[in-house]
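Contents: one structure, followed by commentary.
The values are calculated or read from the model by the stated rules, or taken from the named source; none is laboratory data. The model shown is predicted, which means the values in this text are computed figures rather than measured ones. As a convention, Cβ positions derive from the backbone with ideal geometry for all residues, glycine included, and neighbour counts pool all protein chains shown.
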Amino acid sequence: MKKSLREVLRTIESGNIDPAYLFHGEDQFLQQFIIDKIKIGLFGSSNGEKTLLLPDEMGGKEIMERLTNIDLFSSKRLFVMRNPQQLKSPYRNEFLDYCKNPINSNCLVIILEEYRESVAMVRDLKKILDGISVRTPYQKELKEWVRYFLKENGVEYSSDALDSLIDIAGDSLHHLANEVKKISLMLDDNQSLTVELVKQFSGWKKEHQRWEFLIAVGQKDLNNSVKIGLSIINFTESMLSLLYPLTSLFQEIMFNNMNAGTFSRNIGYIALSASVKRRLPEFTKNYTYQESAYALELLFQIDQRIKTTNSIDESELIQFLFKLLQNHA
């Protein structure tokens, strides 16, 4: 019987670590969040060994040697492997055999960001391991995750405080987790979280918020976009963490343009806070379909550079904003 992600987390936190996991989905926060839990379960407070296995950078022989090498001292090891479908024969079959009989003292986490049944490796892995979804949650699932983060940080709360947290930081799980962690450090002992405290702590150092940046971009306000964007990159964010909400913003604008301004509401998750989503009709009027497509192309190029070169966040942000908005300054 397949387990839900929450059940898997509870099992890991109880200290029962499986020798192999198959994750599918694109949410990098969730991927890292669970891997961190597994690492704590395996190694406790000690610095255990985590090894990345990347078929596009390592040969199949090296990957299998690392996986099957037996440590004479029987120390535990954690392996994280992305996109195993890139393995070539005969190592593809060796890898599948390992998944059938993994070394019990170790843990192998397999991550498939694409989970198409048409891919042979995906079909074969699903026959061996139960897939665990690490996709970005839908809007209706966010409350469960906020409750989880609040409980994990020992925070008592009112139901309207929970809703307020989602309104302020519900554009991503990463943002929600950070906001709850920050609030837990600011609360006094035995103090319950209220809406007033959420609003108070959300501006605890008067730093700019991600939603302010997205609104400035949606309004085509170059000066404020640069000012707020640089502020949050230097204080709380990275260019990589901004790529997802920016992509979501321009995908929504493009979708609305394709539907000739008909704003039928999508029941799926949109990686934007409520304050930004409410203004999507306004932002759609500011951008043509071609402009939103151009923005998405620029964001794709930035993503490639961040993953393959030593790009500088501030430079990437400024170039993106000027290429997109300089004619509207």
(message) When you check Ser89 against the structure, is it in a loop (DSSP other than H, G, I, E, B), out of contact with any strand residue (DSSP E or B) (no Cβ under 8 Å at 6 or more places or on another chain) and either farther than 30 Å from Ala271 by Cα or of a type outside the set (Val, Ile, Thr) (or both), yes or no?
(response) yes
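Out of the stretch 10-23, which residues are within 21 Å of Glu141 (Cβ to Cβ), modelled with pLDDT under 90 and of a type outside the set (Asp, Glu)?
Arg10
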(request) Output the number of the condition that Thr51 fails; it satisfies all remaining conditions of (1) over 23 Å from Asn16 (Cβ atoms); (2) in a strand (DSSP E or B); (3) hydroxyl-bearing (Ser, Thr, Tyr). (result) (1)
(message) For the stretch 200-242, which positions are outside any helix (DSSP H, G or I), at pLDDT below 90 and of a type outside the set (Lys, Arg)?
(response) Ser202, Gly203, Trp204, Glu207, His208, Gln209, Thr236, Glu237, Ser238
(request) State the number of residues belonging to the stretch 129-150 that are in contact with a strand residue (DSSP E or B) (Cβ under 8 Å, 6 or more places away or on another chain) and of a type outside the set (D, E, K, R). (result) 6
(request) Report, by residue number, each residue of the stretch 5-20 that is among the charged types (D, E, K, R) and either part of a loop (DSSP other than H, G, I, E, B) or touching a helix residue (DSSP H, G or I) at 6+ places or on another chain (Cβ under 8 Å) (or both). (result) Arg6, Glu13, Asp18
(request) State which residue is nearest to Cys99 (Cα to Cα) when the search covers only the stretch 30-69 and only residues that are in contact with a Ser or Thr (Cβ under 9 Å, 6 or more places away or on another chain) and at pLDDT below 85. (result) Glu49
(request) Take Ile183 and decide whether it is closer than 26 Å to Ala20 by Cβ, in contact with a Ser or Thr (Cβ under 9 Å, 6 or more places away or on another chain) and not small (Gly, Ala, Ser). (result) no
(request) Give the residue that is modelled with the lowest pLDDT, with candidates limited to residues of the stretch 271-312 that are part of a helix (DSSP H, G or I) and of a type in the set (Ser, Thr, Tyr). (result) Thr308
(request) Would you mind telling me which numbered condition in (1) under 30 Å from Asp171 (Cα atoms); (2) in a loop (DSSP other than H, G, I, E, B); (3) of a type outside the set (Asp, Glu) Pro102 fails? (result) (1)
(request) Check the stretch 41-58 and report whether any residue there is acidic (Asp, Glu) and crowded, with 19+ Cβ neighbours inside 10 Å. (result) no
(request) Would you check if Glu94 is surrounded by 12 or more Cβ atoms within 10 Å (Cβ to Cβ) and farther than 16 Å from Val119 by Cβ? (result) yes
(request) Take Ser315 and decide whether it is in a helix (DSSP H, G or I), over 22 Å from Ile215 (Cβ atoms) and among the hydroxyl-bearing types (Ser, Thr, Tyr). (result) yes
(message) Can you tell me which residue is surrounded by the fewest Cβ atoms within 10 Å (Cβ to Cβ) among those in the stretch 151-191 that are in contact (Cβ under 8 Å) with a residue 40 or more places away in the chain and either touching a strand residue (DSSP E or B) at 6+ places or on another chain (Cβ under 7 Å) or in a loop (DSSP other than H, G, I, E, B) (or both)?
(response) Ser172
